[in-house]
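The values are calculated or read from the model by the stated rules, or taken from the named source; none is laboratory data. Everything numeric here is computed off the predicted structure, so don't read it as measured data. Because the Cβ atoms are built from the backbone with ideal geometry, glycine has one as well, and the counts that use them run over all protein chains shown. Note: areas computed on protein heavy atoms with side chains; ligands, DNA, RNA excluded. Shrake-Rupley method; radii C 1.70, N 1.55, O 1.52, S 1.80 Å.
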Amino acid sequence: MLESKIREIVGELLGENNQIDTIDGDYQLSNVGLDSIGFINMIVVLEDTFNITVEDDELLMRNFATIHKIKEYLNQKGIA
């Protein structure tokens, strides 16, 4: 459930021609078009959707580079 919500969020940010449903959870999102502006937008949507705050020292692309990394991060924030 959580992974599908993450895929939905990322897919919306990537636009209608995204392939988010077909990529492996460990595939680098930068390789499917998530750039730095998309990264910031994704953080804002994740914060709003899951009612969390991403601290400045956690705001690194490597922490959110893949679907699985995002899921791990949210799990650490208590989101299951």
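Points worth noting:
- Applying a DSSP loop filter and a limit of 12 other Cβ atoms within 10 Å to the GluC sites (Glu not before Pro) in region 1-64 leaves Glu16, Glu55.
- For the chain, the dipole from Cβ point charges (+1 on Lys and Arg, -1 on Asp and Glu) about the Cα centre works out to 160 debye, to the nearest 20.
- Solvent-accessible area per residue in the chain equals 63 Å², computed with a 1.4 angstrom probe and all protein chains kept.
- On the basis of the beta-carbon distance and an R0 of 22 Å, Gln28 and Asn75 show a calculated FRET efficiency of 0.65.
- Length-normalised contact order for the chain - Cα pairs under 8 Å, 6+ apart - percent: 38
- Charging the Cβ of each Asp and Glu at -1 and of each Lys and Arg at +1, and nothing else, the dipole of region 12-59 about its Cα centre rounds to 180 debye.
- Quotient of C-alpha Rg and 2.2 N^0.38 Å, computed over the chain: 0.98
- With every protein chain in place, region 1-49: carbon and sulfur % of accessible area (1.4 Å): 46
- Helix runs (DSSP H) in the chain reaching 27 Å along axis by Cα, Kyte-Doolittle at least 1.0: none
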